[in-house]
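*Asks:* Please read through the structure below; I'll follow up with questions.
The values are calculated or read from the model by the stated rules, or taken from the named source; none is laboratory data. For clarity, every value in this text was computed on a predicted model and none was experimentally measured. Every residue, glycine among them, receives a Cβ derived from its backbone with ideal geometry; neighbour counts consider all protein chains shown. To get the accessible areas, we keep the full protein, side chains included, count just its heavy atoms, and leave off ligands, DNA and RNA. Shrake-Rupley method; radii C 1.70, N 1.55, O 1.52, S 1.80 Å.
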Amino acid sequence: MENFKTRRSVIQFEDVSFEYPGAETESIHHIDLDVKEGEFLVLTGGSGCGKTTLTRLINGLAEQFYEGTMKGRITLLGRSISEYPLYEIGKKVGSIFQDPRSQFFASITEDEIAFGCENYGVPYEELDGRVSNAIKRINGDMLRGKEIYPMSSGEKQKIAVASVNAVNPEIYVFDEPSANLDMYSVEALKNLMRELKSEGHTIIVAEHRLYYLTGLADRFLYMENGSIKEEWTPEELLSMPEAKRQNIGIRAADLRHIEVDIPSRKETDVTLEVKGLAFSYRNHPVFHDISFQAYAGDLIAIIGHNGIGKTTLSNILCGMQKEKAGQILYNGKDVPKGRRKNFAYFVMQNTDCQLFGDSVEEELLLNGKGSTQEQRDDLLKMYGLFEWKERHPATLSGGQKQRLTLAVSDWIDTPILILDEPTSGLDYKNMLRISEHLKALAQKGKTILIITHDYEFAAMTCNRVLHFIDEGHAETFPLQGSLPRLYSCLMCQ
Amino acid sequence: MNIKFDFRTKLLVIVLTMSLVAVLTSDILIYTLLGVLSVYLIIQGFGRQTIKYLIVCGVFIVLRLISGGQGITILMPEMFLFMVLRILMMVMAAQPVIGMPPGEVVAVFKKIHAPDGIALPVTFMLRFFPTVRSEFSDVFASLRLRKLLSWKHPLDAMEYIVTPVIFRSSRIAEELAASAESRGISNPGKHTCRRKIEFQKRDWIMCVIAVCVTVLYFVLERTVA
């Protein structure tokens, strides 16, 4: 553990409060913080605790882009942050945002990596060298000249880091960088962060998932309702009693010590049978000869690396795409593509694109015209959405939108439910809420398939695993007694 | 064929196309302009996209011929058919600009001293549309799963499509702008580009051809009218 006390301060917060325009309350209040040169700081806490706002105050976006009201004083590298124009802060503080889809400007990797340098007028002769160095540092030679759009989330995150890296800022700010990454990519991100730290950069990460940061961070700050409530060293975090961790609602710091209660299942009714399924895009095979069975009450984690065909399988199961070969049997009957919607419903990862109503209640009404007021209210109460029933779905938080899409799926009530990364960007309490609810649905006899990279969630929720090994092979195994196997499957590419 | 033109040349073609589309009333002139734009796209290597544009334009031309100036039902009034064809032509003119490296766009705007009020929105727009495109496919997939996409209720279906796309678009636009601002897009100083920005001989030739074609069309329009 390094002693940072003698080092110079790079970021100082003195009694800082901040309010977004039009907000009823302050997002953060009375924050005092001193970040030293070369320090690695993690901000954690439940959704809406103010950690993203804190990162936006450091990179200047809160005050100068979102145009909120700040009280107190922030000093960045010895000068008040208000004295810097936003473009000047960008040279000193590099930002990597949560959603890789909406932070890229170019379609080709090198153009994207060069973008920041071009904006700061780096001479033409220097540009290619900077881009090459940034690519080397992310071990990204295979990404040269590639289109960014079809890349995996992990590759996109690498490009985002390289783009910031090329400008060579002193400070790096990451906002939930692991939210869209599989565990293998998280490991690569961890190595990148380690390298940045060893080069002396100051790093601030706002994050729910903490397990990959315990070997890197110098301090963890726990935030609640816009204030810093506690501060821990990695050792203190790792030795925190499980009851306290769950009570304050942060995710596991050590994946080896997760409390699991693997749900049991009655091996009676086969609800879904997939036989020799094959699919290809044009002439490019995605998978072939995939077979498995699912029973009523099953909670199956679908795992495998990006692009192996997990989402495609889900699309085929609910009739959104047509298989090239094979059979899909629901309750023993071969069901054609057009009728599969009646048996399986798919909750996609992108919740914003699945909500169409003018209010939370109307969202349910769209698929439940014959429902009673009482039924709708009960469902909303069960998902903790009742008090927001008049709100427009677009104004809900990420966790609330996720729960609303699940409430809709309850309403549609197909015997098979498929979910794509339901815990992406969720805090512990919301993850637990979803886990408990899915288990309750399975208890009632629903078959649930969950595409996930989230070990903690899969271990807490599922009873079986469907592992896509490669395009021709998939295996299933029970989770009881096989948690190390699940972990190693998630960690290998 | 894959001729690369400078961003300024492409901008000139867009501006000239917009002015022609706004002024031309003769169907024959519009259809021949479609041919000219197709050649412009093909020489820049957009053959496949050109075929797609021509197919869509062809459908609307046929619909216009069938409608005989009366429109087709309440859903496709004559004005709609008239407008769609012209909008498609503007999109064709803008095709070579979509997907251009942002650094090149910003550097050219700085070089020609374009005001930030024009340069920054155009730069955002170029990235925004490809980003939003994938959102549409997710919206359609979800609507189909929830059985809300119906030809029997086209106005409802339209509302269901537009609502999430608008909200998602505004969020993407905000995130893109935040990302660009934090990467120095508003730097008032010199911007550079890793690709050489040169107005070459072929650009001069293209600009002269574009201006001549535009003048010719204006003259023909007056003659026809």
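*Asks:* Ranked from the most accessible area to the least, with a 1.4 Å probe and all protein chains present, what is the order of A:Ile469, A:Ile450?
*Replies:* Values: A:Ile469 80, A:Ile450 0 Å².
Result of the area sort, largest leading: A:Ile469, A:Ile450.
*Asks:* Rounded to the nearest Å, what's the spacing between the alpha carbon centres of region A:290-313 and region A:132-209? Just the number, please.
*Replies:* The two parts, judged by their Cα centres, are 29 Å apart.
*Asks:* Need one number for region B:61-112: average projected area of the convex hull over its C-alpha atoms, nm².
*Replies:* Working: hull surface 20.8 nm².
Its Cα hull, projected and averaged over all orientations, spans 5.2 nm².
*Asks:* Please give, to one decimal in nm, the separation of the simple spin-label points placed at B:Phe199 and B:His113, each 7 Å out from Cα toward the Cβ.
*Replies:* 1.3 nm
*Asks:* Moving on to the next point. For B:160-167, what's the mean count of beta carbons from other chains sitting within 10 Å of each residue's beta carbon? List each step's numbers first, then the result.
*Replies:* Values: counts 4, 1, 1, 7, 9, 2, 1, 7.
For this peptide, the per-residue mean of nearby foreign Cβ atoms is 4.
*Asks:* Pop the C-beta distance of B:Leu155 and A:Arg8 into the FRET formula with R0 = 56 Å and round what comes out to the nearest 0.05.
*Replies:* Working: r = 63 Å, r/R0 = 1.12.
Plugging the Cβ-Cβ distance into 1/(1 + (r/R0)^6) gives 0.35.
*Asks:* Here's another thing I want to ask about it. In nm, to one decimal, how far is the A:Ser82 label point from the A:Arg256 one, both placed 7 Å along Cα→Cβ?
*Replies:* 5.0 nm
*Asks:* Counting other Cβ atoms within 10 Å, which GluC sites (Glu not before Pro) in region A:26-97 have at most 11 and lie in a DSSP loop? Don't skip to the end; give the middle numbers.
*Replies:* On the way: sites: A:Glu26, A:Glu37, A:Glu39, A:Glu63, A:Glu67, A:Glu83, A:Glu88; in loops: A:Glu26, A:Glu37, A:Glu39, A:Glu67.
Qualifying residues, ordered by number: A:Glu67.
*Asks:* Of all the accessible heavy-atom surface of region B:102-194, with the other protein chains kept in place and a 1.4 Å probe, what percent is carbon and sulfur?
*Replies:* The computed percentage sits at 66.
*Asks:* Here's something else I'd like to know. Calculated from DSSP H runs of 4 or more alone, at -39500 (n - 2.57) each and per residue, what is the 222 nm mean residue ellipticity of chain A, nearest 500?
*Replies:* Working: 16 runs with 159 residues, N = 493.
Mean residue ellipticity at 222 nm (helix-derived): -9500 deg cm²/dmol.
*Asks:* To the nearest whole number, what is the average tally of beta carbon atoms from other chains within 10 Å of the beta carbons of peptide B:194-203?
*Replies:* Working: counts 14, 6, 1, 1, 0, 0, 0, 0, 0, 0.
That works out to 2 on average.
*Asks:* Still on this structure, I have one more. Once R0 is set to 45 Å, what does the formula 1/(1 + (r/R0)^6) return for the Cβ-Cβ distance between A:Thr25 and B:Ile51, expressed as a FRET efficiency to the nearest 0.05?
*Replies:* 0.20
*Asks:* Now for a separate question. Can you figure out the FRET efficiency of A:Lys71 with B:Met18, using R₀ = 45 Å and their beta-carbon distance, to the nearest 0.05?
*Replies:* Values: r = 48 Å, r/R0 = 1.06.
Result of the calculation: an efficiency of 0.40.
*Asks:* What fraction, in whole percent, of alpha-carbon pairs in chain A exceed 45 Å separation?
*Replies:* Numbers: 18411 of 121278 pairs.
Looking at chain A, the distances longer than 45 Å represent 15 percent of pairs.
*Asks:* For region B:143-188, which trypsin sites (Lys or Arg not before Pro) are in a loop by DSSP, counting at most 15 other Cβ atoms within 10 Å?
*Replies:* Listed in order of number, the matching sites are B:Lys147, B:Lys152.
*Asks:* Report the label-to-label distance for A:Thr476 and B:Leu216 in nanometres (one decimal), using points 7 Å from each Cα along the Cα→Cβ vector.
*Replies:* In this crude spin-label approximation the distance works out to 6.8 nm.
*Asks:* Loop-only check: which GluC sites (Glu not before Pro) in region B:120-225 are DSSP coil with at most 13 other Cβ within 10 angstrom? Don't skip to the answer; put the middle values down first.
*Replies:* Working: sites: B:Glu135, B:Glu159, B:Glu174, B:Glu175, B:Glu181, B:Glu198, B:Glu221; in loops: B:Glu198.
Filter output for region B:120-225: B:Glu198.
*Asks:* Quick one: accessible area per residue over region A:9-257, 1.4 Å probe, rounded to a whole number of Å²? Present the calculation step by step, with values, prior to reporting the outcome.
*Replies:* On the way: 9040 Å² over 249 residues.
Heavy-atom accessible area per residue stands at 36 Å².
*Asks:* Let me ask something additional. Under a Cβ-Cβ cut-off of 9 Å, what is the net charge of the residues other than A:Met431 that fall near it, where Lys and Arg count +1 and Asp and Glu count -1?
*Replies:* Working: positive: A:Arg251, A:Lys429, A:Arg433; negative: A:Asp427, A:Asp454, A:Glu456.
Charge balance near A:Met431 sits at 0.
*Asks:* Roughly speaking, what is the stretch gain from A:Lys275 to A:Asp32, that is 0.36 nm per residue apart minus the C-alpha to C-alpha distance, in nm to one decimal?
*Replies:* Length gained, A:Lys275 through A:Asp32: 81.5 nm.
*Asks:* Then there's this: Once Rh for region A:9-257 is found with the Kirkwood sum over Cα pairs, what is the Stokes-Einstein diffusion coefficient at 4 °C and 1.567 mPa s, in µm²/s?
*Replies:* On the way: Rh = 18.6 Å.
D, rounded to a whole number, is 69 µm²/s.
*Asks:* May I ask for the longest run of chain A untouched by trypsin sites (Lys or Arg not before Pro) that are loop-located per DSSP and have at most 12 neighbouring C-beta atoms (other than their own) within 10 Å? Before the final figure, lay out each step's value.
*Replies:* Details: sites that count: A:Lys5, A:Arg8, A:Lys266, A:Arg282, A:Lys322, A:Lys369, A:Lys444.
Formally, the longest exposed-site-free interval is A:9-265.
*Asks:* Give me the extension gain from B:Arg144 to B:Ile87: residue separation times 0.36 nm, minus the current Cα-Cα distance, reported in nm with one decimal. Spell out each step's value before the answer.
*Replies:* On the way: separation 57, 0.36 × 57 = 20.52 nm, distance 2.83 nm.
Once the chain is fully extended between B:Arg144 and B:Ile87, it gains 17.7 nm.
*Asks:* Continuing with the same structure: Counting partner chain Cβ atoms within 10 Å of every residue's Cβ in A:343-355, what's the average? Walk me through the numbers on the way to the answer.
*Replies:* Values: counts 0, 1, 2, 3, 2, 4, 1, 8, 3, 10, 14, 8, 7.
So the per-residue partner count for this stretch is 5.
*Asks:* Report the one residue of A:Val93, A:Leu143, A:Tyr124 whose Cα lies farthest in the direction of the positive end of the charge dipole of region A:64-149 (charges on C-beta: Lys and Arg +1, Asp and Glu -1; origin at the Cα centre).
*Replies:* Toward the positive end, the furthest listed residue is A:Val93.
*Asks:* Taking the Cα centre as origin and putting +1 on Lys and Arg beta-carbons and -1 on Asp and Glu beta-carbons, what dipole magnitude results for chain A, to the nearest 20 debye? Don't skip to the answer; put the middle values down first.
*Replies:* Values: 55 positive and 71 negative charges, 251 e Å.
The dipole of chain A has a size of about 1200 debye.
*Asks:* Rounded to the nearest 100 Å², what's the accessible area chains B and A bury against each other, both chains counted, probe 1.4 Å?
*Replies:* On the way: alone 14330 and 21720 Å², together 31010 Å².
Chains B and A together bury roughly 5000 Å² of accessible area.
*Asks:* Place a +1 charge on the Cβ of each Lys and Arg in region A:92-226 and a -1 charge on the Cβ of each Asp and Glu, then give the dipole magnitude about the Cα centre in debye, rounded to the nearest 20.
*Replies:* Working: 14 positive and 21 negative charges, 60 e Å.
For this selection, approximately 300 debye.
*Asks:* Quick check for you: with a 1.4 Å probe and neighbouring chains kept, what is the accessible area per residue of region B:102-194, in Å²? Kindly include the intermediate steps, with their values, before the conclusion.
*Replies:* Details: 4400 Å² over 93 residues.
Result: 47 Å² of accessible area for each residue.
*Asks:* Now, a different point. Can you compute the charge dipole magnitude of region A:9-257 about its Cα centre, using +1 on each Lys and Arg Cβ and -1 on each Asp and Glu Cβ, nothing else charged? Give it in debye, rounded to the nearest 20.
*Replies:* Details: 26 positive and 40 negative charges, 100 e Å.
Charge dipole of region A:9-257: 480 debye, to the nearest 20.
*Asks:* By its C-alpha gyration tensor, with a ≥ b ≥ c as the square roots of the eigenvalues, how is region B:75-225 shaped: rounded for a/c under 1.5, else prolate for a/b larger than b/c, else oblate?
*Replies:* Working: a/c = 2.90, a/b = 1.22, b/c = 2.37.
The shape class here is oblate.
*Asks:* Starting from the Cα-Cα distance between A:Arg282 and A:Glu374, subtract it from 0.36 nm times their residue separation and give me the gain in nm to one decimal. Provide the component values of the computation, followed by the final result.
*Replies:* Values: separation 92, 0.36 × 92 = 33.12 nm, distance 4.89 nm.
Net length gain for the segment: 28.2 nm.
*Asks:* Apply the Karplus parameterisation 6.51 cos²θ - 1.76 cosθ + 1.60, with θ equal to phi minus 60°, to every residue of region B:91-106 and state each ³J(HN,Hα) to the nearest whole Hz, in sequence, with x for glycine and proline.
*Replies:* 5, 4, 5, 8, 3, x, 8, 5, x, 5, x, x, x, 5, 4, 4
*Asks:* Take every DSSP beta bridge with both residues inside the protein assembly as shown and express the antiparallel ones as a percent of the total, to the nearest 5.
*Replies:* Details: 43 of 77 bridges.
Antiparallel: roughly 55 percent of the beta bridges in the protein assembly as shown.
*Asks:* May I ask you to list the aspartates and glutamates whose Cα is less than 15 Å away from that of A:Lys401, ignoring any residue fewer than eight positions away on the same chain?
*Replies:* A:Asp352, A:Asp358, A:Glu361, A:Glu362, A:Glu363, A:Glu387, A:Glu390, A:Asp410, A:Asp420, A:Glu421, A:Asp427
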